[in-house]
Every structure is written in structure tokens, then in C-alpha cells.
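The values are calculated or read from the model by the stated rules, or taken from the named source; none is laboratory data. Model, not experiment: these values are computed from the prediction. Methodologically, a virtual Cβ is constructed for each residue, glycine included, from the backbone with ideal geometry; neighbour enumeration extends over all protein chains shown. Ligands, DNA and RNA are stripped out before the accessible areas are found, and what is left, the full protein with its side chains, is counted by its heavy atoms. Shrake-Rupley method; radii C 1.70, N 1.55, O 1.52, S 1.80 Å.
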Amino acid sequence: SYKFNDDLTGYFSYSYGEKAGISQINPGNGQSFLAKPEQVSAFELGLKSALLDKTLIVNADLFLSRIKNYQQTLQVIDTVRSTPTSTVYVAATGNAPLVQTRGLEFDGVYSGIEHTTLRFSGAYTEAIYKKFPNSPQPAENNDLTSTQPFQDVSGRTIAGAPRFTYNLGID
């Protein structure tokens, strides 16, 4: 971190973490499914400020995270129920090779009005599969015996990852 003055501090951070891999057993046939450990490298560059005689606190940052072996639900072949003419798939936790999130976020609080505190925050996030050529078809397709059970979602947004989020509160 670097303190520019009493009211403004800049910082940079890097972190690395892992989430353990898992093993699951299909209760119907005893088949084992393995998911590799997830590995995350995260960078952040930001500013923290105290403005207007310290009645306005505003913090903002840019971030980038790269997640190798992102764990999520996949469709895998059920070797017991599959036949030479029909392939059956079951859901299991597996890995998407590479996911990336990046964006900016801010938060603040203003206490310059007597007996009132305003809080605000927001973020813009781009969360995409950088590489995932064998993603399962989405559940809404509801066809686990399809001849096309997988799709390439490389470059697409991760399902359920909002692009914009915000919050506003008054006490």
C-alpha cells in the first residue's frame, strides 16, 4: 500500500488459493468421479479515501481472478446404465479448465447529514469461461441421452454471474 496523503491510500494485492479436489460415488453403481483441486490467482488494485472532512468514505478497486480447474456440475457417462446403442449421463462435480473474473467495484458511506448515514456500493463484473470446450448441455435441454451432450462455452458468461450489482442504504 502507499499513503498518498492523510485522506488517500492506494494498494495492490496478489493472492493465491486452492480448493481441495473431491471424490464422489454414484450410489446407483458405485462408480467414482473425481474433481481436481481448484486453483485461484487473484489481483487487486485500489484506492481508499476519506473526503469532505472525513464525512465521505469512498473505496474503489479493479480486480482480476483466474481460476484453473473451476469446480462445477458436469454430465459424465454412467457406464452401468449405458448400452451400445444408448449413452446415459449422470450429474457429478467436475472441472472447467479455466475461468476468469474481472471488473471494478466501489463502496462508500456518507455521514455528513445529522442523524443520517448513507451507504452505497456497486460492481461491474465480467465472469467468463476462458476455456471450457466440453461443457454439459444446460439442464433446460433435459436430454441426458442426446448425441450432443456437450457444448463449447469458451468465452461465454458463467450462468448466474450478474454483470452489474448495486446496493443503497439509509440509516
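7 Å from Cα along Cα→Cβ at both ARG102 and ALA42: what's the point-to-point distance in nm?
1.7
Of the residues GLN31, GLN137, GLN75, which exhibits the maximal mean-square fluctuation in a Gaussian network model of the chain defined by a 10 Å Cα contact cut-off?
GLN31
Using a simple charge model, +1 on the beta-carbon of Lys and Arg, -1 on the beta-carbon of Asp and Glu, nothing else, what dipole does the chain show about its Cα centre, in debye to the nearest 20? Write out the running numbers ahead of the final one.
Numbers: 14 positive and 16 negative charges, 123 e Å.
Its charge dipole is roughly 600 debye.
List the aspartates and glutamates whose Cα lies under 16 Å from the Cα of LYS19, skipping any in the same chain that are fewer than 8 positions away.
GLU38
Hey, what's the Kirkwood Rh for the chain if you take every pair of different alpha carbons, in angstrom? List each step's numbers first, then the result.
Values: mean 1/r = 0.0514 Å⁻¹.
Taking the inverse mean of 1/r over all distinct Cα pairs, the chain comes out at 19.5 Å.
Hey, if you put +1 on the Cβ of every Lys and Arg and -1 on every Asp and Glu Cβ in segment 10-73, which of THR55, PRO37, SER65 ends up farthest toward the positive end of that dipole?
PRO37
Tell me, what % of the accessible area of segment 1-103 is carbon and sulfur with a 1.4 angstrom probe? Write down the numbers at each step before the final one.
Working: 3710 of 6250 Å².
The C+S portion of the solvent-accessible surface of segment 1-103 is 59 percent.
For segment 61-121, what log10 I(q)/I(0) values come out of the Debye formula at q = 0.12, 0.27, 0.30 1/Å, with one point per alpha carbon and no solvent?
Normalising to I(0) and taking log10 leaves -0.60, -1.03, -1.10.
Cross-link candidates for LYS48: which aspartates and glutamates have Cα within less than 17 Å, leaving aside residues fewer than 8 places away along the same chain?
Of all the aspartates and glutamates, those that pass the test against LYS48 - Cα under 17 Å, at least 8 places apart if same chain - are ASP6, ASP7, ASP61, GLU105, ASP107.
How do 93-102, 162-171, 80-89 rank on mean C-beta neighbours within 10 Å, highest first? Please report the intermediate quantities before stating the final value.
Values: 93-102: 18.4, 162-171: 10.2, 80-89: 11.7.
Result, highest mean first: 93-102, 80-89, 162-171.
P(r) for segment 1-49, please, calculated from all Cα pair distances in 5 Å bins and given in %.
Here the calculated profile for segment 1-49 is 5, 15, 14, 11, 9, 10, 7, 7, 7, 5, 5, 3, 2.
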